[in-house]
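Participant: Sharing a structure, written as structure tokens. Questions coming.
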Amino acid sequence: MKQKMWKWVSLLPLSLLLLLSGCSENMLVLQPKGPVAKTQYDLIVWSVGFMLFIIVVVFVLFAVVLIRYREKPERADYEPPEEEGNTLLEIIWTVIPIIIVTALAIPTVKATFALEKPVKKEVKPLTIQVTAANWKWIFSYPEQNIETVNYVNIPEDVPVKFQLTSVGPINSFWVPQLGGQKYAMDGMNTELILQADEPGSYMGRSANFSGKEFAHMEFEVLAQTKDDFAKWVKEVQQTAPKLSKKKYETILQPGIVGRMTFSNTHLAWIDHTKQNRHYMNSDDGINR
Amino acid sequence: MKWNEFFVTGQPLIYAADVSIVLTVIGIVFILTYFKKWKWLWNEWLTTVDHKKIGVMYIISAVLMLFRGGVDALLMRAQLTAPNMKFLDSQHYNEIFTTHGTIMILFMAMPFIIGLMNIVVPLQIGARDVAYPYLNALSFWLFFVGAMLFNIAFVIGGSPDAGWTAYFPLAGNEFSPGVGNNYYAVALQISGIGTLMTGINFLVTILKMRAPGMTLMRMPMFTWTILITCVLIIFAFPVLTVALALMTFDRLFDTQFFTMANGGMSMLWANLFWIWGHPEVYIVILPSFGIFSEIVSTFARKRLFGYKAMVYSIVGIAFLSFIVWVHHFFTMGAGAAVNSFFSITTMAIAIPTGVKIFNWLFTLRKGKIRFTTAMLWSLAFIPNFVIGGVTGVMLAMAAADYQYHNSYFLIAHFHYVLIAGTVFACFAGLHYWYPKMFGHLLNERLGKWTFWLFMIGFNICFFPMYFLGLMGMTRRMYTYSAGLGWTPLNVVATVGAVLMGIGFIVLCYNIYYSARYGERDMTGDPWDGRTLEWATSSPVAHYNFAVIPEVTDLDAYWRMKKAGKGFEIDEEKLKPIHMPSNSGRPFLISIAFFFAGFGLVFKWFTLAIIAALFIVLGLILRSFDDDDGYYISVDEIKRTERLTGKGA
């Protein structure tokens, strides 16, 4: 009876796995659409292999030991031996984890270093300044001199340098299908390089709690063909309204706003990565 | 300040809580008065310096806090069951996950572990009390008033809402102007001081008060883990003390340590928090390893396999726990070299932990395994903790962590290690040592019901969260939209949480049922135990051991039983036993701490200063206290020993 229960318990995670295969198309992390996410996906798959191996070994040993050495009426007079340990065995199960950890550490370190640089060295990366504010994302294209709120368009196959900062609490910039996240922090300038391999719409969101409406800090990353992107930039430059200081102040007010597009950027008058230290006391009227 | 700023208003749930708090207080006062128990309460509990009673009070508080934290958890699960739920608004949800995390770690897991160690460690080392019994009482009461101060926040003034990590600048005045985070800073500070003193107390107790013959390498594994945990507490908690003090200054006196302006650095808070926070999780997990070691060894009827390796691996884990804190924010952009370093140190923890897992498995091998409730919890720990452990290694891989960080993958991971590690250990330890506390056993049948409900519910609740994380669901979201495909797994998780809740109710019923009908433990050794606590009577006599036992090897009591005599007390050798006197001062000082803390929370500095003067007065009175205890006469010891059947 108990034995059956135990078997059933050990099968529980597996059965859930089967159940889950139904919703795997929603698992964005496992649907990489860019080289960064792909690198991370490969690392994840590589590690999952080892982890499943460990789980299988431990679970099998566990089940065998429990079944064989449980108290049974027929071995009522059995008295377990006095054993202190076994040096050889203990060395074996110290060395095997060391090997596994090494096998995981090497690709981890490689990938961690690789992700700091663009994959495509021959293509000039596009720089986008990202400002997290309560509770919206502001994207500034310094070279194109345009600005968007809560959505960002990028060209496919071009590395994009997202330079992250915040005018409030720490947020984390995460686009699961393009790659892992990085924090956007007040007075700091962190850099996250992502790239999309194909046109498409990718969900992005803040992954670090930042207060009341944090759950709504979603944005869309729209990857376009290079031509479409150039066309979009041109259109924005020609048709979108200008962002005024006053308008920018209202955007920064705590709250949720919809999508917005402007044909200039706030970088012209304020650089949050530098000015955060001082502007609390300055009279430029920025009110968060 | 208007009354509706002082009391939290506008929420039906809060009003219900108000009513139930008032009714509970009236009920308690009525019962104490009606049964004339005030004096009993004061003499037996409020003024006690007995480590066993203090331990019991720790555990009762922990179970209460488990209830509070569990209700928080169920409210969160209710809100997340379906997309766009309107059950809780974002502010309320934010408060609930903040209090859930803080309470479960600091006011549930810690005191549960500290309660068990209070009860067990002196017994395991053959001591009559801890090194500083008075300090021990003060530790408990400081923890208790800290917990109470934190808990009243939700009806008076408002709960903290910046997460249990309280990251700045969010937790600063600018973004959290209410008193909620003042509660966080002050309440944690008060109970943290208590914990720090516990660490010092038990370090000294274990190093100085072991029975003759008990060398360090003959100590029971639980005592070993507590010794190392004390070292962790002594090194880690001062960091929290300092960080919380700076936070308090920032919030109350407008200093700028972590703010966005004037050179404040919010990342400094995150670093300080986790320099304490990572050792902290080992402070609750290492004693759990100790509890499992004791129970596995007892119910396999075998000596712990690879005792020395077990000791070395605890030391290794404890050392590593101080050099991994950056893995909590690989995404802060510290650079590839820094992240790689912390990645490797973190993964390295898997090595000593793996050694422990295999040593437990090999303790079971060739054993004679009895499936008691305590053993079921301990056995279930192994597979569940391995799932939590391997996903921990996955999170440790910096480049991959960028995809897991702050997602439900992380939530699943740390609940797998903290519940399957610490909570299972608390329940296992509770069932195992229950006769030592109360003289009767917990009902096994109900215990097994709790186990299966809770353990299966736990897996149903948290396993799907790994996948929710991979789907992009992040922690601390109070709602989500329907199109994301997260609904089915969230429904499953809620079902699991409900099962866990039912398991908890069965546990509470079991405590009541066993008190009335439970099997009395007449032998003092119901499990055929191996260590010295089983040589005492159940419940344990006030002075623990009439004669201090002599230890010749590991599993001292097992040796005595194997030698055929058990633990015999030679009445000729009895001497009067010196015991510390009760004192009401730790309790009163802690009350003063409560009011000082409350004054600070609301910036009522007059109240804070007056209460602080009472604290100082308490310290002065203690300094001139020349009560150095009393003696229990030989006659009285003989009487007690004959009564419990342990004497000759």
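Participant: Of the conditions (1) of a type in the set (Phe, Trp, Tyr); (2) over 20 Å from B:Gly388 (Cβ atoms); (3) more than 9 Å from chain B (Cβ to nearest Cβ), A:Phe53 satisfies every one except a single condition; which number is it?
Facilitator: (2)
Participant: Quick test for you: out of B:Phe305, B:Phe292, B:Phe319, B:Phe273, pick the one residue that is within 12 Å of chain A (Cβ to nearest Cβ) and aromatic (Phe, Trp, Tyr). Explain how you work it out, then say what you get.
Facilitator: Working: B:Phe292 fails: within 12 Å of chain A (Cβ to nearest Cβ); B:Phe319 fails: within 12 Å of chain A (Cβ to nearest Cβ); B:Phe273 fails: within 12 Å of chain A (Cβ to nearest Cβ).
None of the other options fit; the residue is B:Phe305.
Participant: Going through the stretch B:135-151 one residue at a time, which ones are in contact with a Ser or Thr (Cβ under 6 Å, 6 or more places away or on another chain) and under 24 Å from B:Glu533 (Cβ atoms)?
Facilitator: Those that are in contact with a Ser or Thr (Cβ under 6 Å, 6 or more places away or on another chain) and under 24 Å from B:Glu533 (Cβ atoms): B:Ser139, B:Phe143.
Participant: Pick out the one residue from B:Leu135, B:Leu88 that is in a helix (DSSP H, G or I) and not polar (S, T, N, Q). Break it down stepwise before answering.
Facilitator: Working: B:Leu88 fails: in a helix (DSSP H, G or I).
Testing whether each residue is in a helix (DSSP H, G or I) and not polar (S, T, N, Q) leaves just B:Leu135.
Participant: Out of B:Val8, B:Val56, I need the residue that is touching a strand residue (DSSP E or B) at 6+ places or on another chain (Cβ under 8 Å), more than 30 Å from B:Leu484 (Cα to Cα) and β-branched (Val, Ile, Thr). Which one?
Facilitator: Working: B:Val56 fails: touching a strand residue (DSSP E or B) at 6+ places or on another chain (Cβ under 8 Å).
Being touching a strand residue (DSSP E or B) at 6+ places or on another chain (Cβ under 8 Å), more than 30 Å from B:Leu484 (Cα to Cα) and β-branched (Val, Ile, Thr) holds for just one of B:Val8, B:Val56, which is B:Val8.
Participant: Still on this structure, please answer the following. Restricting to the stretch B:209-227, what's the tally of residues that are assigned to a helix (DSSP H, G or I) and surrounded by fewer than 22 Cβ atoms within 10 Å (Cβ to Cβ)?
Facilitator: The qualifying residues number 3.
Participant: Can you tell me how many residues in the stretch B:500-521 are part of a loop (DSSP other than H, G, I, E, B) and free of Cβ contacts under 8 Å to residues at least 24 places away in the same chain? Can you show your working first?
Facilitator: Here is the first cut: in the stretch B:500-521, the residues part of a loop (DSSP other than H, G, I, E, B) are B:518-519, B:521.
Next, only the ones that are free of Cβ contacts under 8 Å to residues at least 24 places away in the same chain stay: none.
Within the stretch B:500-521, residues that are part of a loop (DSSP other than H, G, I, E, B) and free of Cβ contacts under 8 Å to residues at least 24 places away in the same chain number 0.
Participant: Would you mind stating whether B:Phe67 is outside the structural domain of B:Trp276 (by the TED database) and surrounded by fewer than 19 Cβ atoms within 10 Å (Cβ to Cβ)? Can you show your working first?
Facilitator: Working: outside the structural domain of B:Trp276 (by the TED database): no; surrounded by fewer than 19 Cβ atoms within 10 Å (Cβ to Cβ): yes.
In short, no.
Participant: How do the pairs read when you match residues in the stretch A:253-280 that are within 14 Å of chain B (Cβ to nearest Cβ) with residues anywhere that are part of a helix (DSSP H, G or I) and modelled with pLDDT of 85 or more, using Cβ under 6 Å and keeping only pairs 6 or more apart or on different chains?
Facilitator: Pairs that qualify, where the first residue is within 14 Å of chain B (Cβ to nearest Cβ) and the partner is part of a helix (DSSP H, G or I) and modelled with pLDDT of 85 or more, are A:Ile256/A:His216.
Participant: Let me ask something else about it. Based on what the data block shows, is B:Ala563 out of contact with any Lys or Arg (no Cβ under 9 Å at 6 or more places or on another chain), without any contact (Cβ under 8 Å) to a residue 60 or more places away in the chain and farther than 30 Å from B:Phe424 by Cβ? Write out each step before concluding.
Facilitator: On the way: out of contact with any Lys or Arg (no Cβ under 9 Å at 6 or more places or on another chain): yes; without any contact (Cβ under 8 Å) to a residue 60 or more places away in the chain: yes; farther than 30 Å from B:Phe424 by Cβ: yes.
When the stated conditions are applied, B:Ala563 passes them.
Participant: List the helices (runs of 4 or more DSSP H) that sit entirely inside the stretch B:554-644 and contain at least 3 residues that are assigned by the TED database to the domain that holds B:Arg303, in contact with a His (Cβ under 9 Å, 6 or more places away or on another chain) and among the polar types (S, T, N, Q).
Facilitator: Numbers: elements: B:556-562, B:585-601, B:605-623, B:634-644.
Once the helices (runs of 4 or more DSSP H) in the stretch B:554-644 are filtered for at least 3 residues that are assigned by the TED database to the domain that holds B:Arg303, in contact with a His (Cβ under 9 Å, 6 or more places away or on another chain) and among the polar types (S, T, N, Q), nothing remains.
Participant: Which residue out of B:Phe112, B:Phe143, B:Phe107 is modelled with pLDDT of 95 or more, in contact with a Cys (Cβ under 6 Å, 6 or more places away or on another chain) and either part of a helix (DSSP H, G or I) or within 26 Å of B:Phe414 (Cβ to Cβ) (or both)?
Facilitator: Values: B:Phe143 fails: in contact with a Cys (Cβ under 6 Å, 6 or more places away or on another chain); B:Phe107 fails: in contact with a Cys (Cβ under 6 Å, 6 or more places away or on another chain).
Matching residue, one of B:Phe112, B:Phe143, B:Phe107: B:Phe112.
Participant: Can you find, within the stretch B:557-577, the residue that is surrounded by the most Cβ atoms within 10 Å (Cβ to Cβ) among those that are among the aliphatic types (A, V, I, L, M) and touching a Phe, Trp or Tyr at 6+ places or on another chain (Cβ under 9 Å)?
Facilitator: Within the stretch B:557-577, the subset among the aliphatic types (A, V, I, L, M) is B:560, B:563, B:569, B:574, B:577.
Going one step further and asking which of them are touching a Phe, Trp or Tyr at 6+ places or on another chain (Cβ under 9 Å), we end up with B:560, B:569, B:577.
Numbers: B:Met560: 20, B:Ile569: 19, B:Ile577: 22.
Among those that are among the aliphatic types (A, V, I, L, M) and touching a Phe, Trp or Tyr at 6+ places or on another chain (Cβ under 9 Å), it is B:Ile577.
Participant: Residues to consider are B:Ile200, B:Ile193, B:Ile234, B:Ile206; find the one that is buried (at least 24 other Cβ atoms within 10 Å of the Cβ) and either within 14 Å of chain A (Cβ to nearest Cβ) or not in a loop (DSSP other than H, G, I, E, B) (or both).
Facilitator: Numbers: B:Ile200 fails: buried (at least 24 other Cβ atoms within 10 Å of the Cβ); B:Ile193 fails: buried (at least 24 other Cβ atoms within 10 Å of the Cβ); B:Ile234 fails: buried (at least 24 other Cβ atoms within 10 Å of the Cβ).
The conditions single out B:Ile206.
Participant: What are the residues in the stretch B:363-377 that are surrounded by fewer than 23 Cβ atoms within 10 Å (Cβ to Cβ) and at the interface with chain A (Cβ under 9 Å from one of its Cβ atoms), if any?
Facilitator: B:Arg365, B:Lys366, B:Lys368, B:Arg370, B:Phe371
Participant: Restricting to the stretch A:177-201, count the residues that are in a strand (DSSP E or B) and at the interface with chain B (Cβ under 10 Å from one of its Cβ atoms).
Facilitator: The qualifying residues number 10.
Participant: Still on this structure: Looking at A:Pro81, A:Pro97 in this structure, which one is out of contact with any helix residue (DSSP H, G or I) (no Cβ under 9 Å at 6 or more places or on another chain), modelled with pLDDT under 95 and within 7 Å of chain B (Cβ to nearest Cβ)?
Facilitator: Working: A:Pro97 fails: out of contact with any helix residue (DSSP H, G or I) (no Cβ under 9 Å at 6 or more places or on another chain).
It is A:Pro81.
Participant: With respect to the numbered conditions (1) in contact with a Phe, Trp or Tyr (Cβ under 7 Å, 6 or more places away or on another chain); (2) of a type outside the set (Val, Ile, Thr); (3) under 29 Å from B:Leu395 (Cα atoms), which one is the sole condition not fulfilled by A:Asn153?
Facilitator: So A:Asn153 meets the others, but not (3).
Participant: With the requirement that a residue be at pLDDT below 95 and either touching a Leu at 6+ places or on another chain (Cβ under 6 Å) or within 30 Å of A:Ala215 (Cβ to Cβ) (or both), what does the stretch B:491-520 give you?
Facilitator: Within the stretch B:491-520, B:Gly518, B:Glu519 qualify.
Participant: Consider A:Glu156 against the criteria (1) of a type in the set (D, E, K, R); (2) assigned by TED's automatic domain parsing to the domain that holds A:Met260; (3) without any contact (Cβ under 8 Å) to a residue 12 or more places away in the chain: it satisfies all of them except one. Which criterion is unmet?
Facilitator: Result: A:Glu156 passes all but (3).
Participant: Can you tell me which residue is surrounded by the most Cβ atoms within 10 Å (Cβ to Cβ) among those in the stretch B:438-476 that are assigned to a loop (DSSP other than H, G, I, E, B) and in contact with a His (Cβ under 9 Å, 6 or more places away or on another chain)?
Facilitator: Step one: of the stretch B:438-476, the residues assigned to a loop (DSSP other than H, G, I, E, B) are B:439, B:441-443, B:471-473, B:475-476.
Narrowing further to those that are in contact with a His (Cβ under 9 Å, 6 or more places away or on another chain): B:441-442.
Values: B:Leu441: 21, B:Leu442: 24.
Out of the qualifying residues, it is B:Leu442.
Participant: If you don't mind, there's one more thing I want to ask. Under the condition of being aromatic (Phe, Trp, Tyr) and either touching a residue at least 60 places away in the same chain (Cβ under 8 Å) or away from every other protein chain (no Cβ under 14 Å) (or both), which residue from the stretch A:107-144 is farthest from A:Gln237 (Cα to Cα)?
Facilitator: Taking the candidates together, the pick is A:Trp135.
Participant: Kindly establish whether A:Met188 is closer than 23 Å to A:Ala268 by Cβ, aliphatic (A, V, I, L, M) and surrounded by fewer than 21 Cβ atoms within 10 Å (Cβ to Cβ). Let's see the steps before the verdict.
Facilitator: Working: closer than 23 Å to A:Ala268 by Cβ: yes; aliphatic (A, V, I, L, M): yes; surrounded by fewer than 21 Cβ atoms within 10 Å (Cβ to Cβ): yes.
Yes; evaluated as a whole, the condition is true for this residue.
Participant: Looking at B:Leu240, B:Leu286, B:Leu252, B:Leu244, can you tell me which residue is in a helix (DSSP H, G or I), of a type outside the set (Ser, Thr, Tyr) and in contact with a Gly (Cβ under 6 Å, 6 or more places away or on another chain)? Quick ask: steps written out before the conclusion?
Facilitator: Numbers: B:Leu286 fails: in contact with a Gly (Cβ under 6 Å, 6 or more places away or on another chain); B:Leu252 fails: in contact with a Gly (Cβ under 6 Å, 6 or more places away or on another chain); B:Leu244 fails: in contact with a Gly (Cβ under 6 Å, 6 or more places away or on another chain).
One residue alone meets the criteria, B:Leu240.
Participant: Of the residues B:Ala396, B:Ala380, which single one is surrounded by 24 or more Cβ atoms within 10 Å (Cβ to Cβ) and either among the small types (Gly, Ala, Ser) or free of Cβ contacts under 8 Å to residues at least 24 places away in the same chain (or both)? Quick ask: steps written out before the conclusion?
Facilitator: Values: B:Ala380 fails: surrounded by 24 or more Cβ atoms within 10 Å (Cβ to Cβ).
Answer to the selection: B:Ala396.
Participant: Just to check your reading of the model, which residue among B:Ala243, B:Ala261 is free of Cβ contacts under 8 Å to residues at least 40 places away in the same chain and surrounded by 24 or more Cβ atoms within 10 Å (Cβ to Cβ)? Spell out the reasoning first.
Facilitator: Working: B:Ala261 fails: surrounded by 24 or more Cβ atoms within 10 Å (Cβ to Cβ).
Answer to the selection: B:Ala243.
Participant: Quick check: is even one residue across the stretch A:147-157 modelled with pLDDT of 95 or more and within 14 Å of chain B (Cβ to nearest Cβ)?
Facilitator: no
The values are calculated or read from the model by the stated rules, or taken from the named source; none is laboratory data. Since this is a predicted model, take the numbers as computed values, not measurements. Reconstructed Cβ throughout: ideal geometry from the backbone, glycine too, with neighbour counts over all protein chains shown.
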